[in-house]
Structure formats: C-alpha cells, structure tokens
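So the structure is just underneath, and the comments pick up after that.
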Amino acid sequence: MKRGLRLANKKQKTTEQAPPKPKATRTSRYATAPQAVPAEATGEEETDELDEAATGWQQTTVKMAGLTRLVTVVVWIMVVAGPLLGFFAVALAGSSQAPATSGKQGGTGSVPSATGPSGFAELYVAAYLAAGEGTEEELLPYYSEPVTLANDPGSRSASNVVTVAAQQAEKGYWSVTVAARIAAKDKAGKMKDRGMHYYRVGVQVSGTPDAGGTIDPSKATEVPASPAASGPAPSPAQSSPAAQASPQPSGSAPAPAPRGPAALYAATSLPAEVNAPAAAQHGDLAYGSDRGVSADNPVTDTVSRFLAAYLTGQGELNRYVSPGLQVAAITPAPYESTLLTGLRDDQAADSDDTDAVPEDGTQRHVLVSVSATTGGQDYLLGYALTLTTRDGRWEVASFDTAPVLSPDRTGPVADNTGDAPDASSDES
C-alpha cells in the first residue's frame, strides 16, 4: 500500500514538473485572424521586446496593419494617376512644339525665295540670245507666246549670265534683272566681245514660297492647271523635261524634296534690255590714310612675310600667326612672288608710328594691298588682317572676312560722279 502511494506521488510530481505539450493543429489560411487584445492580457510588451532583440525592429500588430493600409492606398493612387500624368505630359509637349512649327511655316510663307525665279530668268536670257530665225521654238519652255525672230541663229552668244536684281512686282510675280557678257558677229562674220548687257524679265510663279510662289505647302495637294492649258497643243519643246521641270542653275546644290506641288515658271514677255544698275560708293571704313610701306617697320615686315608664305608657299606660315589661328597656305601656290604696296591701319592719324613693338596684347586692324606675280603679270590683291603683339613681335591674330567698317556704320551711297555704263551696240 505504501509502495503504491509513493508511485502515485511520484507520478503526480512528474506531471507537475513537465506539463504535456499541446498537439499541433493545422490552421487554414482562410481562418479568421485573431483579434487584438490589450497588452496587459497578452503580454504584448514582452513579445515586442523579444522581436526587437531578434530582428532589430520594433513593430506592433496595429502599426503593421496601418502601414499596410497606407502602402495600399499609395499604390492605388499611383495606378490611377499614371495615365493622367502621361496624358498631361503629351499634351504639354504638343502645345510647346505647336508655336515653333506654326512660326516656321509663317516665316516661310512671308518670305518667298528668289532663287527659282532668278535661275529661270538666267536660262531664259541665255536661250533668247542664242535663238534666231527658225529656232524660235527653243523659247517655248520659257515664253509660251509665238514669236518671229529676224536675226540669224548663233549670231550672238552669252557668257557669265548672272542675276543682279530680283524683286516681287506682286505676289507670285517677279521682276528679275540679268547681266550677261555678250559676244556678237560683226558684218564680216567674226565674233567680237560686246561687253556686259543687262536684261529684265517678268517671271510668273506657281508654287510654294520656297519656289517663289504663294501656295501653302500644307494645303496644296495637286498641281494647279497652267494658264496656257486651254491654248494650242504643246510643241515638242513644251513637252521636253525643261518645260515640265523647273530649270536649275548650273553648279547649284540639288533641290530638297518638294513640299507641295511642283513649281511652274513662265515669262510674261520677251527680255527687255535695260541700263546697268547704278554704281555705289562704300561707306567709311575703320582705317586711316595709307601709311606707306617701310621694310624697317615691324608691322610691314610681319604682314609681308605672312602673305608671301600664304600666296607663294615660300616660308613657314606658322611663324607669323598667333597660337590658335588655323590657316594654311593656298595649294597649289597661285603666285611666284609678292610685294606689299600699301598699308592702312585703325590708328589715329596723329599717332606716333614708330618701329618699336608695343606691349604684349596690343591689337591693330590693317588693310593692305599686295602685288602678286605669276606668268610675268602682276595682279593687285587686298587683305584685311588683325594683328596683335606677343613676346616683343607682331603676329597675325585673325584673317578678317571683310574690312572693318567705321563706328558710324554709314551705308553705301549712289555714285553720281559718272554716268551709268551704256550697253554696247551690236552694230559695227
């Protein structure tokens, strides 16, 4: 009996010391989450301390739930606002580009180009001067009216045909003045130089502003009918490529891809011979009177040696230029020798032009004339240069693109000292 009691007591102690572990139960992921209870009842503070010690973070269930809701709201806001932001970005970009595009089109339409009418007039004048009795059809690509010429074909020829003036008489209608050096046969049948002659031509244009016309390239969809379409059937000359396409001056760059209809050009009369344009005198320059040329003057010495190396290839060009100036001698050398014949600078007339070189950084603009020799002939040339001092000598700092104007900026004025040149007569 006692033994049985001891065994019972022993079992009771064992039970009190090691309570049995609860069996693991499978929890469904769809089970309802446990409800939050006060920290006093669940020992949440102790749990937070354990989590903080283990992970370095201190979060409560309430805080985690609030953070989750905040993240969810932010994500939904981004999802909804994304397309709206993209729409506004595209609209803003389109509105910023629209003024630039419209301004470009407006500028093109307001300033028609004279290149097309000028090239057409040059070709027309050259064809007119070469035509004669029996070859009148050569003018049909330019002038559609029938004409009868009395001179022999080839009795005149033109060279150096170039436009000297072009202005709009009306929208899409140009007045073009063309200069041409003419050679004509005398009574003995020999060709003689007749000098420069000038011809004015009226040119009507159907095309975009780039071609000299008034058609809006964004609205034009087809070539407008030619005014001569209702006339007689076109001749072979009118059906030629020259009649169908706009003539392009020799040596010009290829025309860009057309925007709108192909341009049409038509002369409104035969060429009219006119006087040469009025001569003009240039405005005042920034240089004083010619100071002459002295071999002992350091400015003259630098300029003379520089131009000799540049024009003849004799000497080292880089010795006479400032650092940074990129210039190379003309190749092949066009002249055999050079001689400086005149020098003007922008110094005051009463300045002391001594042979001493001023302090470093001093700048001077010069306009020089040089006689260049080749083939036993001397040819005068003029150069505008900017000089500067460095290390006790003058150097060429700039190869000026044009002589320097005076601060007054006076424009060219008509030269009334002589009569305008008359056109040479073809009679002999």
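Worth pointing out:
- In terms of surrounding Cβ atoms within a 10 Å radius of their Cβ, M78, M191, M196 rank from fewest to most as M78, M191, M196.
- Along segment 388-396 the Karplus relation, 6.51 cos²θ - 1.76 cosθ + 1.60 evaluated at θ = phi - 60°, assigns HN-Hα couplings of 9, 9, 7, 6, x, 8, 8, 9, 7 Hz to successive residues, with x for each Gly and Pro.
- Global form of segment 298-399, assessed from the alpha-carbon gyration tensor, a/c cut-off 1.5: oblate
- The label-point distance for L381 and A272, in a model that sets each label 7 Å from Cα toward Cβ, rounds to 4.3 nm.
- The charge dipole of segment 298-399, taken about its Cα centre with unit charges on the Cβ atoms of Lys, Arg (+1), Asp and Glu (-1) only, comes to about 400 debye.
- Relative packing of 153-159, 172-178, which averages over residues the other C-beta atoms within 10 Å, highest first: 172-178, 153-159
- Theoretical FRET efficiency, 1/(1+(r/R0)^6), r = Cβ-Cβ of T401 and K187, R0 45 Å, to 0.05: 0.40
- Long-range amide H partners of S398 with built H, under 5 Å: T386
- Segment 291-338, relative contact order in percent, only Cα pairs under 8 angstrom and at least six apart counted: 36 percent
- Each residue of segment 116-123 is assigned a 3J(HN,Hα), and the resulting list reads x, x, 5, x, 4, 5, 4, 5 Hz, derived from the Karplus form 6.51 cos²θ - 1.76 cosθ + 1.60 (θ = phi - 60°), x at Gly and Pro.
- Burial ranking of peptide ranges 320-327, 334-341, 263-270 (average Cβ count within 10 Å, highest at the top): 263-270, 334-341, 320-327
- Theoretical gain in end-to-end length, E137 to A280 [0.36 nm per residue, Cα-Cα removed]: 47.5 nm
- Peptides 201-210, 360-369, 402-411, 124-133, ordered by how many other C-beta atoms sit within 10 Å of their residues on average, highest first, read 201-210, 124-133, 360-369, 402-411.
- For segment 172-178, Karplus couplings with θ = phi - 60° (6.51, -1.76, 1.60), whole Hz, Gly/Pro x: x, 9, 10, 10, 10, 9, 10
- Built amide H within the under 5 Å cut-off of T410, gap 5+: D284
Every read-out reported here was derived from the displayed coordinates using simple, explicitly stated rules and does not represent laboratory data. Since we're looking at a predicted model, the values are computed, not measured. Cβ: placed from backbone, ideal geometry, glycine included. Neighbour counts: every protein chain shown.
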